[in-house]
Amino acid sequence: MLTFIFNKKPGTLPSCVAGVGLVLACSLETGAVSAQPAPTDAPPSAAVATANAPPATDAPGAATQQPRPATPAAAPPAAAPATGPVVSLPEALPEPNEATNASPATAVAPVPAAMGDVPVLRAGHTSVGGYAELHLNVAHVTGPGARDAQIDLHRFVLFLAHDFNERLRFYSELEVEHAVASSTDPGEVEVEQAYVDYRAIGDQLGVRAGLVLVPMGIINQWHEPPMFHGVERPMVDTLIIPTTWREAAVGVFGEPLPGLRYQLYLMTALNASGFSVGQGLREGMGETALARANGAALSARIEYEPVLGVLAGLSGYYGKAGPNADLRDSGGTPLHLGVPVAGVAADIRARSHGVEARAELAYFHVGNTAALRAAADSDGKSLGLDVGAALLGYYGELAYDVLYSARIEPALLPFVRLERYDTLASVVGRARTAADAKAAATDVVVGLTFRPVSQVAFKADYRWSNPDGADASGHSDATGQADFGLGVMF
């Protein structure tokens, strides 16, 4: 991450400051350049490990860098020759702040973390960061269907944050999906986050307003590719919790006691006309793109980190998705359906001595599903909506860094994940059919993550996906898929 600060004296060209772990100060008045330590006014939640210091360890949410011994201090830079300035830069970017699950963007500069950390702000400070991931998926390696390979620059995201003063800041993320966005290409350009934070009472209370991530589960908030195992995100965090889920919101967040953090938001609700068996609630997200705002929702999360390396969270959601949908009966008369949506998610992450573990459970209940199934458009034509009255998913994951005992910076982590998900865990208003069984599946993912540094991950995995039920001939529809990926964040 690069950080630029500009200062100008009357009658002179602006002097500049640029930081990459060190601050490089230059003055056009004197022609001199000096290397200085980076500012240290940030609290532990925004601390930066320098290039020569061992990173923090055993935080469950951050990139999984293990403790390494400190390296000898670098020799001081040579004196600048008379012909021009020479400055020695650090050999590596700062490590992320693993103690508080902050990404490098949060660690290098006081960018607000999704969990609600409120680091000290520096007036006039602007920060830039981002992440990207490249995927190669080979489908139908086993099971029915022809083998098919596809490569995709799945995401490229830029962070931009600015501190106006010690209390007020702005944070945003701009995302490009699938490399090219046009009327004839599959890509999209999206604003994933854009909000303002106001630090009202120290770390205890902050106020946030804008486009925010719904604080449900793990991946919806912490999804930078080096921070989770597997090329693709877990299915529970795709079909049950519709990651990446964001809404226009206003609310509060903070850390009233050490290790205890909370978020509470009033936000726009989902749109029931996008619900389906195949995608769950996913297509009901309005993404704040000329989205209907007739329905509102509440979302909250509380999490506790009792010791370094263990973090547990509990999330809740309640909103009405009916008012945001244009639903009518067969005669074209508007239907006033509430379609209440209530959800809860519980998660835990732990890291110790090279072992990493995480687990998550998510459940949603959808009301008025029978009436929703009968809804029509303004011409009286059925919308064909069908959604489960309950959606349920859970998974557990275990990994181990086989290089942990070597006390070196690279990490090599074989992992295994078992997950179960069902978008038709309950059906109301109609009888179950044989096809309904395929809405539920059990997946086993086995893979390997290699991190030469904590911000870069090379990934490979194999996913066995076994839907419930069988095809028309009575055979299983279980399939195997091989995935390869590269992820980076800065």
Quiz item: Shape of the stretch 212-281 from its Cα gyration tensor (a ≥ b ≥ c, root eigenvalues): rounded if a/c is under 1.5, otherwise prolate when a/b > b/c, or oblate?
Solution: oblate
Quiz item: Taking the mean number of other Cβ atoms within 10 Å as a proxy for protection, how do you rank 190-203, 428-441 from highest to lowest?
Solution: 190-203, 428-441
Practice problem: Excluding S378 itself, calculate the net charge of residues whose Cβ lies under 12 Å from the Cβ of S378, where each Lys or Arg counts +1 and each Asp or Glu counts -1. | Solution: -2
Quiz item: Using the 10 angstrom Cβ neighbour count as an exposure proxy, how do I218, I408 rank, fewest first?
Solution: I408, I218
Quiz prompt | Exposure proxy order (Cβ contacts within 10 Å, fewest to most) of T333, T449, T126, T268 | solution = T333, T126, T268, T449
Quiz item: What is the sum of charges around G280, taking Lys and Arg as +1, Asp and Glu as -1, for the other residues whose C-beta is under 12 Å from the C-beta of G280?
Solution: -3
Quiz item: What does the charge count near V176 come to, summing +1 for each Lys or Arg and -1 for each Asp or Glu among other residues with Cβ under 10 Å from its Cβ?
Solution: -3
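Throughout, read-outs are computed from the coordinates displayed, never taken from laboratory work. Given the structure is predicted, the values throughout are model-derived calculations rather than measurements. Every residue, glycine among them, receives a Cβ derived from its backbone with ideal geometry; neighbour counts consider all protein chains shown.
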